[in-house]
Amino acid sequence: NRAIEYYEKALKSDLKTYGKDHPKVAAIWNNLGNTCHSLGKYDKAIEYFEKTLQSDLKTYGKDHPKVARDWNNLGVTWHCLVKYKKAIEYYEKALQSDIKTYGKDHPSVAKDRNNLSTAGFLKIINQEL
């Protein structure tokens, strides 16, 4: 995929320039994760989203909207892999972070609750442990 090729070139350059814990590098990892996710390459997407998360945690801390986004991206990807228990873990972290950031009545919090409810329901009907 040409998008992945270009992101990887940008990543190589930005890693050299800024190092692995810079927000610009995290943004490229996030873009790579989103691209892989959209192509159905979920294992690779998780790899990139985990790198994004680790970088953003160091930069922003656990109660920042970018970190909540990272946890949500990981939750969605695990959800696509039908790993609802793992998805729920990430959705819960996103929810807690967004509640601290925005309060309980914000649209981001509603999205997190919806994701969490859907994964929980699917976990129950699929009897995943």
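Stokes-Einstein at 25 °C, 0.890 mPa s, Kirkwood radius from Cα pairs: D for the stretch 11-63 in µm² s⁻¹? Walk me through the intermediate numbers first.
Details: Rh = 11.0 Å.
After rounding, the answer is 223 µm²/s.
Throw me the Rg/Rh for the chain, computed over C-alpha atoms with Kirkwood Rh, two decimals. Mind showing how you got there, number by number?
Working: Rg = 15.2 Å, Rh = 15.0 Å.
That ratio equals 1.01.
Net charge around Val109, counting only other residues with Cβ within less than 11 Å of its Cβ (Lys, Arg = +1; Asp, Glu = -1)?
On the way: positive: Lys100, Lys104, Lys111, Arg113; negative: Asp98, Asp105, Asp112.
Residues near Val109 contribute +1 overall.
Over the chain, what is the relative contact order in percent, taking alpha-carbon pairs closer than 8 angstrom and at least six residues apart? Walk me through the numbers before you get to the answer.
Details: 160 pairs, mean separation 22.4, N = 129.
Taking the mean separation of contacting Cα pairs over the length of the chain, I get 17 percent.
With +1 assigned to the C-beta of every Lys and Arg and -1 to the C-beta of every Asp and Glu, and no other charges, what is the dipole magnitude of the chain about the Cα centre in debye, to the nearest 20? Show your work: numbers first, answer last.
Details: 22 positive and 16 negative charges, 32 e Å.
The calculation lands at about 160 debye.
Could you give me the ³J(HN,Hα) list for the stretch 92-102, computed from phi with Karplus coefficients 6.51, -1.76, 1.60 and θ = phi - 60°, whole Hz, x at Gly and Pro?
5, 5, 4, 4, 4, 5, 5, 4, 5, 6, 10
For each pair in Lys16/Lys51; Lys12/Lys44; Lys12/Lys51; Lys86/Lys111; Lys41/Lys62; Lys58/Lys111, compute the distance between the two Cα atoms and list the pairs where it is over 21 Å.
Values: Lys16/Lys51 16 Å; Lys12/Lys44 17 Å; Lys12/Lys51 14 Å; Lys86/Lys111 18 Å; Lys41/Lys62 27 Å; Lys58/Lys111 25 Å.
Correct reply: Lys41/Lys62; Lys58/Lys111.
Under a 1.4 Å probe, what is the accessible area of the stretch 17-129 per residue, stated in Å²? It would help to have the intermediate numbers written out before the result.
Numbers: 6000 Å² over 113 residues.
Accessible area per residue, the stretch 17-129: 53 Å².
What part of the accessible area of the chain, given as a whole %, is carbon or sulfur when the probe is 1.4 angstrom?
Details: 3930 of 7350 Å².
Summing carbon and sulfur atoms, their accessible area is 54 percent of the total for the chain.
Can you give the net charge of the other residues whose Cβ lies under 15 Å from the Cβ of His64, counting K and R as +1 and D and E as -1? Each step should come with its number before you reach the end.
On the way: positive: Lys58, Lys62, Lys66, Arg69, Lys93, Lys100; negative: Asp21, Asp56, Asp63, Asp70, Asp98, Asp112.
In short, 0.
The values are calculated or read from the model by the stated rules, or taken from the named source; none is laboratory data. Just so you know, these numbers come straight off a predicted model, no measurement behind them. Every residue, glycine as well, gets a Cβ built from its backbone with ideal geometry; the counts of neighbours run over all protein chains shown. Remember, those area values only see protein heavy atoms, side chains included, never the ligands or the DNA or RNA. Shrake-Rupley method; radii C 1.70, N 1.55, O 1.52, S 1.80 Å.
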